[in-house]
Amino acid sequence: MRRFGLVLLGGLAAVGCGGGGDGGNGPPIITSVVVSGDSTVILAGTRQLTANAFAGGTPVSTGVTFQWNSSDTSHILVTPSGEVWGYRLGSSNITARAVVNGTPTTVSSPPHAMRTRIGSIMFIPGNRQFESLGDSKTLEALALDAQNGVVPVIPFSWTSRAPSVVSVTPRANTALADVVALANGTARIVVTADGVSDSVTVTVQQVATTLVVTPDADTLHSIGAMFTPSVTADDANGNPVAVSALGWSSQNTAVATVSTVTGVVTAVNEGESRVIASSGSLADTIGVRVDQIPATIRISPANFGTPDVIMKTNQTAPFYAVVEDSLGNPALQDTVIWSTDDAAVANVAGTSSLDSTVISTFAVTGSATITATAASVSASRVVNVSSTPISFATSVQTVFSANCTGCHTGAGAAGGLSLASGVAHSSIVDQNSGQVPTLKRVRPSRPDSSYLVHKIQGTQATVGGSGSRMPLAAAPLSNATINIIRNWILQGALNN
C-alpha cells in the first residue's frame, strides 16, 4: 500500500491581514484562495489539486505558496504540493491556506469536499454465452482500487438492459448474481457500486441437440416459387430452437436460395441444389430440384381485335412465342413446336428456332390456325389470308391525318416526327424511335416491335418508353383501328 509522509507546517506566525502593507510597496494583500480539481480520488490512487490566491479579483502568484490540510486523514491524505491520496473509502474536506514569502496568512480556501471511490469493476467468469433457454450462470462482481487490488464489502446493484433475453437476480449480501437465459439475443448486464458503473455483454444463442428438417426433397416448378421446410429442433433443455436461430445455406445459390431468417427456399433457375440447416455440430439437408413447367404461351403478333391477324397472299412473316411458368417467368428450356391446321393457306417453317417460326402464305385465301405447343400447354393465332393488302394511303394515312397531324407536321413536329401526307411513311418505317432508340418507329412485319404501335396502344412504358398515349389531341384510337395498323405492319408496312 502506498504511503505518504506528510510535512505539517506549523509554528509559523500568521499574518492577520493576509500579506504585507509596507506603505503600499509590499506584497499584495491576499483576500481569497480557491481550490480546484476533481471531487473524487480512487482508492490507492492520487489526484492533483490546484490552489490559486487572489487579491480582490486579481490572481497573485509571486511569493505565494500554500499550506494544505485534510479534515480526515484516516480517509484522504494530502501532500504539501496538493496531491491527494485515497487512503480508505470515505470523505474529507481539503483546504489550502495562503503562505506569502514563507509566512502563513489567515486566508484559507473554502472546504473542497472529496470522496474516495473504487476505480473499476471486474466480472467473473469471462464466458457469458448461453446455448439453451433456461440455462443459468453465476456472475461475480469485484470492486478494484487504482492498483487493481480487490476492495471488499462493496454492495452492488444489478440490472439487465434486455430483460426479455436474460434475467439477473442478485444474491443477498454477496457480490454474486444469477443470470438466466430467456430468449435468443444479446443483453447487457449493468452493475453499479460506489457510484461506478460497468457492464458485461451476455449472448443467448440456442444450439440444437436434436435437428430434423423435412421433406427430404422437394421440386419447384416455377422460377420464384418458394416452400418452407418443416423443422424440429430442440436445445439441451428441450426448448424448441427457432428457425431463425439455425444456420441456413444453399450449396448452389444459382439454382435455389434460402432465407437465413425464415428458412424459406426460393427457386432461381433450373437445376439441383441441397439446402443445409445447421446448429452447432448438427446438420440436416433437403434436396431441392427446380424444373420449370410451362403454364402459358404468348404468341406475337398479339391479337388486338377482330378479325385476328391478317396477312396477304404469298408473303412471309415471323411469329414468336414466349413460354411462361405459373409465376409468369420465361421458361427458356422448353422448346416450342409449331403447327398449322391448313398448310394450303398458311404454313409454318420446316425448321423452327427455340421460340420462333416463319409463317408463309400462298395464293389461297382463307384462314388457318397456327398453334404453338410447349409440353402440355399451347396457344393459337388465327391467320386470315387476303388477296387485297391493307392500303397505307387509305387505311393508315387517313388515321394520321384525322388525329395526329396537329402535333406531328412540318419542321417543328413533336419528337421530330411528321405524319403529314406524303412524308409520314418515310418518317416512320425503319426509322429509330427518339424515345427508345433500340426500337424502330415501324419495323416491317413486326408490329409488337414497332414503337408507334406501343404509343397508340398506350403500352410504351412496357418497352422503356415515356410520355402520353397517342394521339394527344384526340380520344384514343379504337381497338379496330389499332388492329388495322398492326396488320398493315405485319403485311410488311407497304407504301401503297
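For Thr159, indicate whether it is β-branched (Val, Ile, Thr), closer than 30 Å to Pro28 by Cβ and in contact (Cβ under 8 Å) with a residue 24 or more places away in the chain. When the stated conditions are applied, Thr159 does not pass them. Looking across the stretch 391-411, the residues that are at pLDDT below 95 and assigned to a loop (DSSP other than H, G, I, E, B) come down to Cys404, Thr405, Gly406, Cys407, His408, Thr409, Gly410, Ala411. The set of residues in the stretch 464-496 being without any contact (Cβ under 8 Å) to a residue 60 or more places away in the chain, exposed (fewer than 14 other Cβ atoms within 10 Å of the Cβ) and either in a helix (DSSP H, G or I) or in contact with a Pro (Cβ under 6 Å, 6 or more places away or on another chain) (or both) is empty. In the stretch 144-162, of all residues being surrounded by fewer than 17 Cβ atoms within 10 Å (Cβ to Cβ) and under 38 Å from the mean Cα position of the chain (by Cα), the one that is farthest from Thr201 (Cα to Cα) corresponds to Ser157. Just so you know, in the stretch 387-412 the residues that are touching a Lys or Arg at 6+ places or on another chain (Cβ under 9 Å) and surrounded by 14 or more Cβ atoms within 10 Å (Cβ to Cβ) include one that is nearest to Pro471 (Cα to Cα), and it is Ile390.
Each residue in the stretch 169-199 was checked for being among the aliphatic types (A, V, I, L, M), touching a residue at least 60 places away in the same chain (Cβ under 8 Å) and surrounded by fewer than 19 Cβ atoms within 10 Å (Cβ to Cβ), and 1 pass.
For (1) assigned by TED's automatic domain parsing to the domain that holds Ser300; (2) over 23 Å from His454 (Cβ atoms); (3) touching a residue at least 24 places away in the same chain (Cβ under 8 Å), each residue gets a yes or a no:
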residue: Phe319; (1), (2), (3): yes, no, yes
residue: Phe362; (1), (2), (3): yes, yes, yes
residue: Thr365; (1), (2), (3): yes, yes, yes
residue: Ser378; (1), (2), (3): yes, yes, yes
residue: Thr409; (1), (2), (3): no, no, no
residue: Ala413; (1), (2), (3): no, no, no
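Of the numbered criteria (1) surrounded by fewer than 15 Cβ atoms within 10 Å (Cβ to Cβ); (2) in a loop (DSSP other than H, G, I, E, B); (3) of a type outside the set (Gly, Ala, Ser), the one Gln206 fails is (1). Considering the stretch 431-463 alone, what residues qualify as being in a loop (DSSP other than H, G, I, E, B), in contact with a Leu (Cβ under 8 Å, 6 or more places away or on another chain) and over 21 Å from Asp308 (Cβ atoms)? Correct list: Ser433, Gly434, Arg441. Annotation note: of Thr214, Thr257, Thr266, the sole residue that is surrounded by fewer than 16 Cβ atoms within 10 Å (Cβ to Cβ) and of a type in the set (S, T, N, Q) is Thr214. The set of residues in the stretch 351-373 that are part of a loop (DSSP other than H, G, I, E, B) and at pLDDT below 90 comprises Thr351, Ser352, Ser353, Leu354, Asp355. The condition of being in a loop (DSSP other than H, G, I, E, B), at pLDDT 95 or above and of a type in the set (A, V, I, L, M) holds for only one of Ala113, Ala146, that being Ala146. Would you mind stating whether Arg2 is of a type in the set (Lys, Arg), modelled with pLDDT under 95 and under 30 Å from Ile121 (Cβ atoms)? Yes, satisfied. Just one of the numbered conditions (1) surrounded by 15 or more Cβ atoms within 10 Å (Cβ to Cβ); (2) closer than 30 Å to Gln292 by Cβ is not true of Ala141: (2).
The values are calculated or read from the model by the stated rules, or taken from the named source; none is laboratory data. Values in this document were obtained by computation on a predicted structure and should not be read as measured data. All Cβ positions, glycine included, derive from the backbone under ideal geometry; neighbour counts span all protein chains shown.
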